[in-house]
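Participant: Quick one: this structure, given as structure tokens, is what I'll be asking you about.
Throughout, read-outs are computed from the coordinates displayed, never taken from laboratory work. Fair warning: this is a prediction, and the values are worked out from it, not measured in the lab. With ideal geometry, Cβ positions are generated from the backbone for all residues, glycine too; neighbour counts draw on all protein chains shown.
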Amino acid sequence: MPSITLDHVVKSYGSVSALHDVSAVIADGARCALVGRSGAGKSTVLRVVAGLERPDSGRVLFDDRDVTHVAPSERGVAMVFQDLSLYPHMTVRANLAYPLKLRGVPREEREARVVETAKRMELSAVLDRRPGSISGGEQQRTALARALVIEAGVWLLDEPFGQLDTRLRRRLERLLLELHAATRATIMHVTHDQDEAERLADHIIVMTPGGIAQSGAPTELRRDDDGLWRE
């Protein structure tokens, strides 16, 4: 799976600087958490890596390949948003099959991959139901299953567990770690929860508005008197 390099990335929205000369390297197969206050640019980093936003300057590389100007669909990236972005008018089966259809995967292969992924994610019983009729945990697993079914090498997760209760969050955290162990995908994961970051990540980037304050393994980061990572 690819490493991800941000090389002096700058991104502004009008007069507002979202990212100012941001550089970082995430190793292939790493589980990287981005933490920091609201407005620090965490989600913007994910969107730049996904190709949903074009940096004003700087580069994004997957391994040694410059993907700065590569379309999102050509990057081998799956993104899971906090609102999940499931298609409400489609069944779970259709939600899983749709990204494969966009990639030109033949019908029989699409169905086989959907069935196998649904089994792995414990969604077989709800394949023919729509998102509005299944539980929050099932919706969350459906969103993760879409990343799994396309066999993406990079997973970008934007606070995917933020609206869930503690019990369900822990269950999905365990599932995410199991999926990572099986796929070795490179994961970038935005969270406001430092404890969640420590449970899930082997590399943490602490962001301050527009930039990076610290980057490294959880045990390497400097902390303040309250035990929080310094910005």
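Participant: Sort 67-75, 153-161, 208-216 by the packing proxy (mean of other Cβ within 10 Å over each peptide's residues), most packed first.
Facilitator: 153-161, 208-216, 67-75
Participant: OK, next. In the chain, if the dipole is taken from +1 on Lys/Arg beta carbons and -1 on Asp/Glu beta carbons about the Cα centre, which of Ala125, Pro55, Gly211 is farthest to the positive end?
Facilitator: Ala125
Participant: Would you compute, for the Cα atoms of the stretch 151-231, the largest minus smallest coordinate along each principal axis and list the three values in descending order, in whole Å?
Facilitator: Answer, in whole Å and largest first: 37, 28, 23 Å.
Participant: What does the chain give for Rg and for Dmax, in Å, if only its C-alpha atoms count?
Facilitator: 17.7, 58
Participant: Something else about it: If I take every Cα pair under 8 Å that is 6 or more residues apart in the chain, average their sequence separation and divide by the length, what percent do I get for the relative contact order?
Facilitator: Rounded, it is 29 percent for the chain.
Participant: Any idea what Rg and Dmax come out to for the stretch 102-203 if you just take the C-alpha atoms, in Å?
Facilitator: Spelled out, the Cα radius of gyration and Dmax of the stretch 102-203 are 14.2, 43 Å.
Participant: Follow-up. With point charges of +1 on the Cβ of Lys and Arg and -1 on the Cβ of Asp and Glu, referenced to the Cα centre of the chain, which listed residue (Leu84, Ser135, Leu6) lies farthest in the positive direction of the dipole?
Facilitator: Sorting the options by dipole projection puts first Ser135.
Participant: Identify which of Thr91, Thr166, Thr186 has the largest mean-square fluctuation in a Gaussian network model of the chain, with springs joining Cα atoms closer than 10 Å.
Facilitator: It is Thr166.
Participant: Step through the residues of the stretch 44-52 one at a time and calculate ³J(HN,Hα) from phi using the Karplus curve (6.51 cos²θ - 1.76 cosθ + 1.60, θ = phi - 60°), rounding each to whole Hz and writing x for Gly and Pro.
Facilitator: Values per residue, Gly and Pro as x: 5, 4, 4, 5, 5, 5, 6, x, 6 Hz.
Participant: List, in order, the whole-Hz ³J(HN,Hα) value for each residue of the stretch 140-152 obtained from phi through the Karplus relation with A = 6.51, B = -1.76, C = 1.60 and θ = phi - 60°; use x for Gly and Pro.
Facilitator: The phi angles translate into 5, 5, 5, 5, 5, 5, 5, 5, 6, 5, 8, 6, 5 Hz.
Participant: For the stretch 87-151, what is Rg from Cα atoms divided by 2.2 N^0.38 Å, rounded to two decimals?
Facilitator: Rounded to two decimals, the normalised Rg is 0.98.
Participant: Given Cα pairs under 8 Å that are at least 6 residues apart, what percent is the relative contact order of the stretch 87-151?
Facilitator: 48 percent
Participant: Which cross-chain or sequence-distant (5 or more) residues have an amide H under 5 Å from the amide H of Leu157, H modelled 1.01 Å from N in plane?
Facilitator: Counting only residues 5 or more places away or on other chains, the set is Val80, Met188, His189, Val190.
Participant: Tell me, how many Å apart are the Cα centres for the stretch 33-79 and for the stretch 162-218?
Facilitator: After rounding, the separation between the Cα centres reads 17 Å.
Participant: Would you list the P(r) distribution for the stretch 1-51, with all Cα-Cα distances sorted into 5 Å bins from 0 and each bin expressed as a whole %?
Facilitator: Percent of pairs per bin, in order: 5, 17, 29, 29, 12, 5, 2, 0.
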